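Below is one structure; the comments refer to it alone.
The numbers here are math on the coordinates, done by the rules we state, and not lab data. A quick note: this is a predicted structure, and the numbers were derived from the prediction, not measured. Reconstructed Cβ throughout: ideal geometry from the backbone, glycine too, with neighbour counts over all protein chains shown.
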Amino acid sequence: MSSSSVPDYLRDDDLTQETRDLISSLPSEKGWLVSQMYQFKGFWQTQALLQGILKCQKHFEAKDSDIILVTNPKSGTTWLKALLFALINRHKFPVSSSSSGDHPLLVTNPHLLVPFLEGVYYESPDFNFSELPSPRLMNTHISYLSLPESVKSSSCKIVYCCRNPKDMFVSLWHFGKKLAPEETADYPIEKAVKAFCEGKFIAGPFWDHVLEYWYASRENPNKVLFVTYEDLKKQTGKEITRIAEFLGCGSIGEEEVKDIVRLCSFEHLSKLEVNKEGTLPNGIETKAFFRKGEIGGWRDTLSESLAEEIDRTIDEKFRGSGLELSC
Ligand code: PAP
C-alpha cells in the first residue's frame, strides 16, 4: 500500500517467518482497501492482522476479571469502548456533570483507552497487557472460534456488538475512502457489495462472525452478551443498565446512567478537540471514527438494488437463527 494514512495493521510489512509459512498455505484474494486478504479459519484477514491474531492466540492470557468487547469493524467499537470505559471506571472517574471535567474520555480518544488486541500484538509486540488496571478492558474483531483459548475457558466476559450490515458496510466504505482515497478511487461500490455478499471482505463473512457470537450468547448468556448498535441508539440508558448487570458492576443509579449516555454520545464525543484534531499512533485521524453515527444512514450511499442484494444475502444466512436485525 502506498498511502501513508493506512493503519499499520492493514499493512503487509514486518511479517514473521511463522506468518509467512502459514499464509503460503491459505486461500487468498485481492481485496478492497487491502492489497491481499487471506482466509484463516473461515475469515478473511490482511497478513498483518493475521499475524496479530496468531500472536494473540499464542500469548494472550485472559483473566477471570477481563472484559472483552467484540465487534465486526464499524459496528460500534468506538462508542462501546467509551461506554464500557466510563461504566467500569465510574468510581475512579466519576461521570457526573460537575466532575466530568477531569474525565479521561474528554482528553483521550476511546481507542487509546481500550487496546485493540490483534492490532497491539502486530504493532506493539512489547506492550504489556498484564500492566493494564483491573478489570482489564480490551477489544477485538477476532471470531468466536478463533479467540485465544484462555478467553473461552476463563470466566472473563464478552460484550458483542452487532450493527445492521448495510450501515456497517457503508461506514467501512467511507472510512476506507477517507483513509486511502487513491487506492480505493477506482473500485466500484457494486464490486465491493458483491465481495461483501460473498463474505470476501475484511474480517468477513459478516454473518458468520455475528452468528458465532449470537449462538455463543444463547448457549452461555453469563459469558457472552449480545447487543446491537440499533438498540443502543434507541434506548442507550436501558442498554447500559443491561450491560452493567451482565458485567456485575454493582448498582448504578438513573442519574449516573444519564451522565454516561451524555458523555459518550456521538454529539458530545465527536465535538471534543481530541476526537476532531487528534491522530492515533498508527496514523489514523481520530475524526475518521466519527462520521454520522446514525441508523439507516446507508440510504445516502447504497442504491435500492445494492441494498436489496445485501438484504437478500443476510436474510438467507440468518434464516432459522432466531436473530433479526432492524435496519
Ligand atoms: P472501528 O471498528 O474501526 O473501531 P467503529 O467505531 O465500530 O469503527 O465504527 C465507526 C462508526 O461508529 C461510525 O459510523 P458511521 O460511519 O455510520 O457514521 C461512527 O460515526 C459511529 N460512532 C462513533 N462514535 C459513536 C457514538 N458515540 N455514538 C454512535 N455512533 C458512533
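Let me confirm something: among 238, 233, which residue is of a type outside the set (Phe, Trp, Tyr), within 16 Å of the ligand (Cβ to nearest atom) and either surrounded by fewer than 16 Cβ atoms within 10 Å (Cβ to Cβ) or not in a helix (DSSP H, G or I) (or both)? Lay out the reasoning, then the answer.
Numbers: 233 fails: either surrounded by fewer than 16 Cβ atoms within 10 Å (Cβ to Cβ) or not in a helix (DSSP H, G or I) (or both).
The conditions single out 238.
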The residue that is farthest from the ligand (Cβ to nearest atom), considering only those in the stretch 49-89 that are of a type in the set (D, E, K, R) and surrounded by 22 or more Cβ atoms within 10 Å (Cβ to Cβ), is 66
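Determine whether residue 255 is without any contact (Cβ under 8 Å) to a residue 24 or more places away in the chain, away from the ligand (no atom under 12 Å from the Cβ), more than 22 Å from the chain's Cα centre (by Cα) and assigned to a helix (DSSP H, G or I).
Details: without any contact (Cβ under 8 Å) to a residue 24 or more places away in the chain: no; away from the ligand (no atom under 12 Å from the Cβ): yes; more than 22 Å from the chain's Cα centre (by Cα): yes; assigned to a helix (DSSP H, G or I): yes.
Taking the combined requirement at face value, the residue does not satisfy it.
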Any idea how many residues of the stretch 258-271 are part of a helix (DSSP H, G or I) and either near the ligand (Cβ under 10 Å from one of its atoms) or of a type outside the set (Lys, Arg) (or both)?
9
Out of the residues in the stretch 154-197 meeting the condition of being among the small types (Gly, Ala, Ser) and in contact (Cβ under 8 Å) with a residue 24 or more places away in the chain, tell me which one is farthest from the ligand (Cβ to nearest atom).
155
Taking the condition within 11 Å of the ligand (Cβ to nearest atom) and not in a helix (DSSP H, G or I), does residue 294 pass?
yes
The stretch 94-143 - residue that is without any contact (Cβ under 8 Å) to a residue 24 or more places away in the chain, part of a loop (DSSP other than H, G, I, E, B) and touching a helix residue (DSSP H, G or I) at 6+ places or on another chain (Cβ under 8 Å) and, of those, farthest from residue 41 (Cα to Cα)
94
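Being of a type in the set (Asp, Glu) and either within 8 Å of the ligand (Cβ to nearest atom) or without any contact (Cβ under 8 Å) to a residue 40 or more places away in the chain (or both) is the filter here, so list the residues in the stretch 274-291 that pass it.
Within the stretch 274-291, the first condition is being of a type in the set (Asp, Glu), and the residues that meet it are 277, 285.
Within the stretch 274-291, just 277 meets the criteria.
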